[in-house]
Amino acid sequence: MKKIIKGLSILVASTALCAGVAMATACDSGYNGTYEGEYHYPNAWAPTAPHYGMKVRVTVENNIITKVEDITKDAYTVVSSGWEDKNTWITYESLLLQKYEGWSVADVLAIKVYIDENGQPYGKGDNAALLESDLLIPNATQGSGRLILAVQDALGKKTQIGRIETAE
């Protein structure tokens, strides 16, 4: 009788172990595939103009970003036509998209981008995480912030615009 109980105990324990390993493997598979996301907010200087924002397509393999594409087209204003440094963004956007390659999903999701009550990312002085991450075009902090927020949206992290916390 002891042998039967011992055998059943081993069988139950090994079954539980196998089920646990299978669940852990399934949960650990994480991100694999292509995801689309966007981030946008109203244009404070031209309320009837398209929102400032970006739409992206993010390709991930084994929780590592392998490609980020700008698929905004005419949906949003990526950079103001009157902005004197707009060529800073136009020249380096492709490089910035490539800088995401090799980043883990968790590391990109962990980057904090601070935004004002309208959704506009603050400048580089107030968004140190952008500087530290190197996912930034110099003199284009807001555009770089919009890009990170769009990538995070594609990966499932939502940013709530207008949420201002005040002390009671």
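Around L149, under 10 Å between beta carbons, what's the net of Lys plus Arg minus Asp minus Glu among the other residues? The partial results should precede the final answer.
Working: positive: R146, K157, K158; negative: E38, D153.
So the environment of L149 carries a net charge of +1.
Are there trypsin sites (Lys or Arg not before Pro) in the stretch 66-142 that DSSP marks as loop and that have at most 15 other Cβ atoms within 10 Å, and which are they?
K73, K112
Under 1.5 on a/c is rounded, so check that first for the stretch 37-95, then, if it is not, pick prolate when a/b is larger than b/c and oblate when it is not; a ≥ b ≥ c are the square roots of the alpha carbon gyration tensor eigenvalues. Mind dumping the intermediate values first?
Working: a/c = 3.37, a/b = 1.66, b/c = 2.03.
Here the stretch 37-95 falls in the oblate category.
Report the one residue of L131, I148, V58 whose Cα lies farthest in the direction of the positive end of the charge dipole of the stretch 44-149 (charges on C-beta: Lys and Arg +1, Asp and Glu -1; origin at the Cα centre).
Farthest towards the positive end: V58.
Does the stretch 107-168 come out rounded, prolate or oblate by the C-alpha gyration tensor, with a ≥ b ≥ c the root eigenvalues, rounded set by a/c under 1.5 and, if not, prolate when a/b is larger than b/c and oblate if not?
Details: a/c = 1.79, a/b = 1.26, b/c = 1.41.
Since a/c reaches 1.5 but b/c is at least a/b, the shape of the stretch 107-168 is classed as oblate.
Under the rule of at least 5 residues apart or a separate chain, name every residue whose amide H is placed under 5 Å from the amide H of Y122.
So Y122 has HN proximity to Y114, I115, D116.
Report, by chain and number, residues whose modeled amide H sits under 5 Å from the one on Y52, excluding near sequence neighbours (fewer than 5 apart, same chain).
Close amide H contacts, sequence-distant or interchain: Y41, N43, T77.
Put Y76, Y35 in order of accessible area, largest first, 1.4 Å probe: what do you get? Present the calculation step by step, with values, prior to reporting the outcome.
Values: Y76 35, Y35 60 Å².
The ranking, largest first, comes out as Y35, Y76.
The values are calculated or read from the model by the stated rules, or taken from the named source; none is laboratory data. Only a predicted model underlies this, so the values are computations on that prediction, with no experimental measurement involved. Virtual Cβ from ideal backbone geometry, glycine too; neighbours counted across all protein chains shown. All accessible areas refer to the heavy atoms of the entire protein, side chains included, with ligands and DNA or RNA removed. Shrake-Rupley method; radii C 1.70, N 1.55, O 1.52, S 1.80 Å.
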